[in-house]
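Okay, so here's the structure we're looking at.
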Amino acid sequence: MKKRPRWFSLLLYLWVAPVSVLFAPLAWLAKWTGGGYNIHSGVLEIWGGAVGAWLDRGLPFLGPANAFTVGHVVVGISPQHLDSSRVHERTHVAQFERWGFLFPLVYLLAGLWVKWQGKRMYWDNPYEIEARAAATSANKRCD
């Protein structure tokens, strides 16, 4: 994959920043409650503690999740969960970079559209299909 110019990466971070900034404080919450955080490939990864327990119990409308992406922030149950879902979640990061702070609305509208068609809001959401396909493709390359 071709490396992006630094100025373009900065623009992408700014385009997504309104969403990322809202969720970055979860890093401190995770750390204070026994979890942790780290920067991995330009993304703030947060795991464990109260944040990991919240994911394990379930997100509203989605249920339990191994990891969840919001802008350039990925929250996971544990470092192992983050590692195993990295390709999937980085696809969501790329989707955020494409749509910017509008992505949560675009994602929701796509989910409502497929639900209106009688499909499943999460599993049939085109953004989830794209992320699962990327993960499947990456796993096949590793085999």
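We did not get these values from a lab; they are worked out from the coordinates using the rules stated. Note that the structure is predicted; figures quoted are calculated from it, not measured. Heads up, the Cβs are rebuilt from the backbone with ideal geometry, glycines too, and the neighbour counts pull from every protein chain shown.
Under a plain spin-label model, where a point goes 7 Å from the Cα along Cα-to-Cβ, how far apart in nm are residue 137 and residue 98?
Reported label-point gap for residue 137 and residue 98 is 1.1 nm.
Using a Förster radius of 30 Å, what is the FRET efficiency between residue 84 and residue 105 based on their Cβ-Cβ separation? Nearest 0.05, please.
Result of the calculation: an efficiency of 0.55.
With labels modelled as points extended 7 Å from the Cα through the Cβ direction, what inter-label distance (nm, one decimal) is found for residue 116 paired with residue 62?
About 2.2 nm separates the two model spin labels.
I'm spelling it out carefully: the read-out is Cα Rg over 2.2 N^0.38 Å, the candidates are [x] 1.05; [y] 0.98; [z] 1.26, and one was derived from this structure. Which label?
[x]
Which part of the stretch 62-90 falls in the paramagnetic zone of residue 129, meaning amide N under 18 Å from the point 7 Å along Cα-to-beta-carbon?
What the label zone holds, given the 18 Å backbone N cut-off, is 88.
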